[in-house]
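Asks: Sharing a structure below in structure tokens format, with a few things to ask.
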Amino acid sequence: MPNEAVSTLATARSSSKRPAGTLYRGNTGMWSWVLHRITGVAIYFFLLVHVLDTAMIRVSPGAYDAVMSTYKNPLMGLGETALVIAIMFHAFNGLRIILIDFWSKGAKYQRLMFWIVIALWVIGTAGFAPIHLHNVFTEPH
Amino acid sequence: MSAIIDSPRQPQQRASKGRVNWEKWGWIYMRASGVLLIILIFGHLFVNLVQGDGIKAIDFAFVAGKYASPFWQVWDVVMLWLAMIHGSNGMRTIVNDYASNPLVRRILLGALFVAAVVLIVLGTLVVFTFDPCSTLIPADQALSFCPAP
């Protein structure tokens, strides 16, 4: 049985020399893992910077307002939008991982849950991006 | 170089009695802190970026107003600890996956540890020692509600 399972999973679909035709490689499971890593690393490095910029409140109002004015720059505004989009994917996919681990039917529905994650991600982005971009690209009143 | 990967059905090597299984607790921590961070970070993003004028309204006075309340002090410090440890542990997993040179791996893990300790201590001190009317603040930058020096 184990050998049979291995050969079924590893059988190449075509004459291509590239490895193919496993349950994992190239499928939603792999791409959710790749996106989870990339978004995680991006959020980590922002967190390092964000603790330091907020620490400026302990220096002086001028120092904090100066660092905050860089965050209000349009280019940074686009970066913040991307950051929040990355956080949303990491959050929703993290819940998917928890459900795969702890819900008895999690593994069975992992692929469906991946598409639910993508749907929530699109909805969240559609909700957040216009509000933030409007704040970034309009003059303060 | 090829690594030998145990069969998925390999019986687990039991940790010897009395020793803490740190990898297990790390695994549990990622999931528990992850759920809490979703609430804390989404709340943080809503209050700071979505409500009102969003990022346009964020300045020293905005943060001073938030930190006048112990609620936001505790919110931010809990978020800082949970996120910093969650992020550092995730980066540790990635370093363990890709750093094949033992020395490079040790240096990277050491850097992650130092960064986490320094930023957690710094952030916690900043939040709890923050005084919007500190006498160290130049008079021309002082907030209007602060007593004149």
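Asks: Check cross-link reach from B:LYS24 to the lysines: straight Cα distance under 29 Å, and skip same-chain residues fewer than eight apart.
Replies: Output for B:LYS24: A:LYS105, A:LYS108.
Asks: Residue by residue through segment B:26-41, what is 3J(HN,Hα) from phi via Karplus (6.51 cos²θ - 1.76 cosθ + 1.60, θ = phi - 60°)? Round to whole Hz and write x for glycine and proline.
Replies: x, 4, 5, 4, 4, 6, 5, 5, x, 5, 5, 5, 4, 5, 5, 6
Asks: List, in order, the whole-Hz ³J(HN,Hα) value for each residue of segment B:79-90 obtained from phi through the Karplus relation with A = 6.51, B = -1.76, C = 1.60 and θ = phi - 60°; use x for Gly and Pro.
Replies: Listing the rounded values in order: 4, 4, 5, 4, 5, 5, 6, 4, x, 5, 5, x Hz.
Asks: Now for a different question. Of all accessible surface on the protein assembly as shown at a 1.4 Å probe, what whole percent is carbon and sulfur?
Replies: 69
Asks: Along the charge dipole of segment B:15-82, Cβ charges K/R +1 and D/E -1, which of B:MET30, B:TRP72, B:PHE60 sits furthest on the positive end?
Replies: Among B:MET30, B:TRP72, B:PHE60, the one farthest towards the positive end of the dipole of segment B:15-82 is B:MET30.
Asks: Follow-up question, since we're still on this one. Give me the summed buried accessible area for the B-A pair, 1.4 Å probe, to the nearest 100 Å².
Replies: Summing both sides, the interface buries roughly 3600 Å².
Asks: Return the lysines within reach of B:LYS56: Cα separation strictly under 25 angstrom, same-chain partners fewer than 8 residues apart disregarded; answer none if there are no such residues.
Replies: Reachable lysines: A:LYS72, B:LYS66.
The values are calculated or read from the model by the stated rules, or taken from the named source; none is laboratory data. From a predicted model like this one, the values you see are computed outputs, not experimental measurements. Positions of Cβ are backbone-derived with ideal geometry, glycine not excepted, and every protein chain shown enters the neighbour counts. All accessible areas refer to the heavy atoms of the entire protein, side chains included, with ligands and DNA or RNA removed. Shrake-Rupley method; radii C 1.70, N 1.55, O 1.52, S 1.80 Å.
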